[in-house]
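The values are calculated or read from the model by the stated rules, or taken from the named source; none is laboratory data. No experiment lies behind these values; they were computed from the predicted model shown. A quick note on method: Cβ atoms are made from the backbone with ideal geometry, for glycine too, and the neighbour counts reach across all protein chains shown. Areas reflect the complete protein model, heavy atoms only, side chains present, ligands, DNA and RNA absent. Shrake-Rupley method; radii C 1.70, N 1.55, O 1.52, S 1.80 Å.
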Amino acid sequence: MPTDDAVERERQGAGTPGTDVTKDGLRGVRPDREAVTGVTTGRPRGGRGRRRRGGETPQVPDATFTSYYAEPVINKPVWEAPDIPGYLFLGGLAGAASLLGAGAQRTGRRRLERSSKVGAVAAGFLSLVGLVHDLGRPQRFLNMLRVFKVTSPMSVGSWLLAGYIPVAGAAAASAVTGRAPRAGAAATVAAATLGPAVASYTAALISDTAVPAWHDGYREMPFVFVGSGATAAGGLGLLTAPVAETGPARALALAGTALELATFERMERRLGMVGEVYSQGRGGAYVRAGTLLSVAGVVGAVLGRRSRVASAVCGAAMLAASAATRWGVFHAGMQSADDPKYTVVPQRQRLEQGEPATGTSTTTRTPAATTAPSEAAEA
Amino acid sequence: MAPVDVTIGRRPDLTGALLGDTDPAAQGGWTDHPPRMGFFTDTSVCIGCKACEVACKEWNAIPEDGLVFTGMSMDNTQGLGADTWRHVAFVEQRKPLAVQDPGVLHEGVDVLALAPQGSGTSPDEAGTTPTTPGDPGDLRWLMASDVCKHCTHAACLDVCPTGSLFRTEFGTVVVQEDICNGCGYCIPACPYGVIDQRKDDGRAWKCTLCYDRLTVGQEPACAKNCPTDSIQFGPLDELRERAGARLASLHDGGVTDARLYGRDPHDGVGGDGAFFLLLDEPEVYGLPPDPVVTTRDLPAMWRRVGAAAATLVGAAVAAFVAGRRI
Ligand code: SF4
Ligand code: SF4
C-alpha cells in the first residue's frame, strides 16, 4: 500500500523515523503489523518439501486454527545437537552392543566379543558425556542421583547409566585383557541385562514431554529406538570383526532395520497431521538419510558378506543410519514444538469431537456447570 | 527452601497421583498444611496496564527479558519464560463488541453558539455522560495476564530428575535454584509453555506464586499491584466459587462469550491452581485448548519400553541362532 505509506509520511513530515518510501521500495516496513489474530489465522501449509506417503487419507485434514500471533504454545526444548541426539544414538548403540558382546562370548566369537564390549562401554560413557555436557550446570550432574523418580525417565536413565557403565566397563576390560574371566562373565551378564533398558528408556524420555511429535508417538518410539540401536550395534560388529564372525551382527542389523522402518512408518501414519514433521524440513531430511543408509547398509552387508571391505563399509553406513534417525527424530520434535499448529489442532479436534483427553474439558462455558450438584438441586 | 525432600522416603498413595481431583500438597507429602492457594485471573476487567509484569519483575529481581519491538499488537513481552513470569497478552480481534458511546463527537457543534453558555456541556447535562450501546464495532481488544498454572498434576515437577521442582505446602510448584542442574527436562514437559532456561545461568526459572511472600502471609506481588483486581489471590476453593459467580453474572449481563479456563478439577491437568476467565477460545490467548499432563501416559510408555526391550533381546537371540547361516 504505497499510497497509504506516502500519506503517512506526508502526515509525519520528512525525516520522521519509521516507515519510509524510497526509490528502492519501502524501507522499515514492519510486516507483523499486518498480523491478524483472534480470527482464523491458519495458514495453508505444505508445498515445499511436503511428502505424503502412498495415498493414505491423513487423519486430520489441513486445518485452519487460531493462535496468538503464531507464537508457539509450548516452550521448545533447550536441548541441543549434537549432545542430545548423540545421547540417544549412543545409548541405543551401547545397549544393543552389550547383547551382541554377550552372545559373541557364548558362541566363541572372540573378536566380535571384544569389539562389541569395548564399543558398548565407550558408547555408554559418551552417551553420559552428551547428557552432562547439555546440562545448564554440568558441575551439578550428581544432583541427578539425589532422588530416584519413576515419573522422570531422565532420573531412571541416570541411575541406569550409573549402574550400566561400570559393569560394561568390567566386561570390556576382562575381554580385552583376558583377566578375571569369572568376574568378566558376571559383568557381561549384568551388562546384557541392563543393556536393553539402556537402549530403550530414551524413547520414554522424549515421549514424556508435551512436544507433539514425540509425545503422540510414544507407542512406537521405543520400538523405533531399539530397532535403530540394533542396527547400530550390528554395524559396529560388521565394521570391527572379521567376516568369519559377523553372521550374528549382520542378522541383528537386518532385524533392527526391519523393526525400525516398520514401526516408524506405523508411527507416522498413526500421527496423521502431526506426523508430517518426520518428513519435512531438517528432521525429514535426516530421517530420509537414515532410511536410505540403513537399507543400503543391510542390502550391501548381505550381498557382500564374504568381503571384509564391503562388510566394514556397510557397517559404517549402519552406524551413520542410526545416528541420522536419532537426529531426525530430534529435529522433527523441535519443528513440532515450534509451530502452534501441532499443539492446537489435535487438541481442538478432540474437543470438537466431544472427546477431551480426560473426558472433561478444561473450559467451562456455562455457569450452571460450575455450580455444585447440591446447590443445583436447591435452585 | 524445601523443608523435606518429598521424593525420598515418602510412601506414595498413588490414587490420584497422575490424574484427577486431588490435594496436591498432601500428594507431595505434606500432612498438616494450609489450604491450597492460587490465582483467579478475570481477564474481562484487565486493562492491559502491565502492572503485574512490572511488580513481578521488581519483587523477584528478574533480569531484563529482551528489549524487542515485535510489531504485534501492544505486546512486546511475547510469552512466559525464564525471565517473564507474568505476561500480558494483547489480542486485537476483528470481532464485534458492544461499544460505549461517550458522546464526544463534535461534528455539527457550533462552538460559537456554545460560547455564551461557558461550557461545551450545559451544567445540568454535565453530571452524566451519555453511555449507550453503539453499533457493534469491528475491532476489539482482549487483554489477559498469563502466569504459571501451578497445575494439580504438574508435568514439570513429575519429570524433574533432581527433585529441584517441588510442591509447597500451599499446593504450588516451585523450583529450588540451589538444586536445579539445568537438565531442561521440565521445559518441554510443561503443556503451557511456562518454564524456561535462563541462558547465561543455565537453570530453569518460573513463577513461584511468591512463595517467600506467602510464607509470611502476604499476597503475591502481581495480585497486590493489579489495579482492577483482574488478578485475584486466595484459597483455591474460594476463588473457584467466586469465579462461578462472576461467570454467571457475566452471562446474565449478556457476555455469553465468557468462560472459565482451568477451573475444572477433572481436566487434563487435574485443574489449574491459577485459572482464568476468558472471553474467547483459549488458543486465541496462546493457551492450549485441551492440555494434558504428559505423565498421564507414562505408565503406558514404560510398558511399551518394556516390550521394546524384550523385543531387542529376542532379536539378539534370533540373530545368534540365524547368524550361523547368513
Ligand atoms: S503450568 Fe507448567 S510450569 Fe506451571 S506447574 Fe504446570 S507444568 Fe509446571
Ligand atoms: S532444569 Fe532444573 S528444574 Fe527443570 S527438570 Fe532439570 S533439574 Fe528440574
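Counting pairs of alpha carbon atoms under 8 Å apart in space and at least six apart in sequence, what relative contact order in percent does segment B:227-326 give?
Details: 60 pairs, mean separation 15.7, N = 100.
Averaging sequence separation for qualifying contacts and normalising by length gives 16 percent for segment B:227-326.
Could you sort the peptides A:253-260, A:97-104 by per-residue average Cβ neighbour count (10 Å cutoff), highest mean leading?
On the way: A:253-260: 25.9, A:97-104: 30.4.
So the peptides A:253-260, A:97-104, ranked by packing, come out A:97-104, A:253-260.
Could you compute how much accessible area chains B and A hide from each other, both sides summed, with a 1.4 Å probe? Nearest 100 Å² is fine.
Details: alone 17980 and 20030 Å², together 30140 Å².
It comes to approximately 7900 Å² buried between B and A.
Going by accessible area, probe 1.4 Å, with all protein chains left in place, what is the ranking of B:Val54, A:Val295, largest first? Spell out each step's value before the answer.
Numbers: B:Val54 85, A:Val295 65 Å².
Correct descending sequence by accessible area is B:Val54, A:Val295.
Collect residues whose amide H, placed 1.01 Å from N in the peptide plane, falls under 5 Å from the amide H of A:Tyr68; neighbours closer than 5 in sequence don't count.
B:Gly286
Which value, in Å² and to the nearest 10, is the accessible area of B:Thr215 when all protein chains are kept and the probe is 1.4 Å?
Approximately 80 Å² for this residue.
Rolling a 1.4 Å sphere over the protein heavy atoms, what is the accessible area per residue of segment A:83-329, to the nearest Å²?
On the way: 8080 Å² over 247 residues.
About 33 Å² of surface per residue is accessible.
Round to the nearest 10 and report in Å² the accessible area of B:Ile179, as given by a 1.4 Å probe over the protein chains' heavy atoms.
Here the residue's solvent-accessible area equals roughly 20 Å².
With r as the distance between the Cβ atoms of B:Ala26 and B:Glu241 and R0 = 30 Å, compute the FRET efficiency 1/(1 + (r/R0)^6) and round to 0.05.
Numbers: r = 21 Å, r/R0 = 0.70.
It comes to 0.90.
Go through segment B:298-312 and flag every residue whose accessible area shrinks by 30 Å² or more with all protein chains in place compared to the isolated chain (probe 1.4 Å).
B:Leu298, B:Met301, B:Trp302, B:Arg304, B:Val305, B:Ala308, B:Ala309, B:Thr311, B:Leu312
Give the accessible surface of segment B:243-301 per residue, rounded to a whole number of Å², with probe radius 1.4 Å and ligands, DNA and RNA excluded. Walk me through the numbers on the way to the answer.
Values: 1320 Å² over 59 residues.
It amounts to 22 Å² per residue over segment B:243-301.
With all protein chains present and a 1.4 Å probe, how do B:Val313, A:Val73 order by accessible area, largest first?
On the way: B:Val313 55, A:Val73 10 Å².
From most accessible down to least: B:Val313, A:Val73.
Heavy-atom accessible area of B:Asp272 with all protein chains present, probe 1.4 Å, nearest 10 Å²?
Surface open to solvent at B:Asp272 totals about 0 Å².
With a 1.4 Å probe and all protein chains left in place, how much of the accessible area of segment A:186-297 comes from carbon and sulfur atoms, in whole percent?
Roughly 68 percent of what the probe reaches on segment A:186-297 is carbon or sulfur.
Skipping prolines and chain starts, which residues have an amide H placed within reach, meaning under 5 Å, of the one on B:Leu165, given they are 5 or more residues away or on another chain?
Under 5 Å from the amide H of B:Leu165 lie the amide H atoms of B:Gln176, each far enough along the sequence or on another chain.
With a ≥ b ≥ c the root eigenvalues of the C-alpha gyration tensor of segment A:95-188, is it rounded (a/c under 1.5), prolate (a/b larger than b/c) or oblate? Each step should come with its number before you reach the end.
On the way: a/c = 2.54, a/b = 2.31, b/c = 1.10.
Verdict is prolate for segment A:95-188.
When Cβ neighbours within 10 Å are restricted to other protein chains, what is their mean count per residue of peptide A:223-229? Spell out each step's value before the answer.
Details: counts 6, 1, 4, 9, 4, 0, 3.
Mean partner shielding for this stretch: 4.
Given the pairs A:Lys76/B:Lys206; B:Lys57/B:Lys149; B:Lys57/B:Lys224; A:Lys341/B:Lys57, which span a C-alpha to C-alpha distance of over 22 angstrom in this model?
A:Lys341/B:Lys57
Return the sequence-ordered ³J(HN,Hα) values of segment A:89-98 in whole Hz as given by the Karplus equation 6.51 cos²θ - 1.76 cosθ + 1.60 applied to θ = phi - 60°, using x for Gly and Pro.
Karplus-based 3J(HN,Hα) across segment A:89-98 equals 5, 5, x, x, 4, 4, x, 5, 5, 5 Hz.
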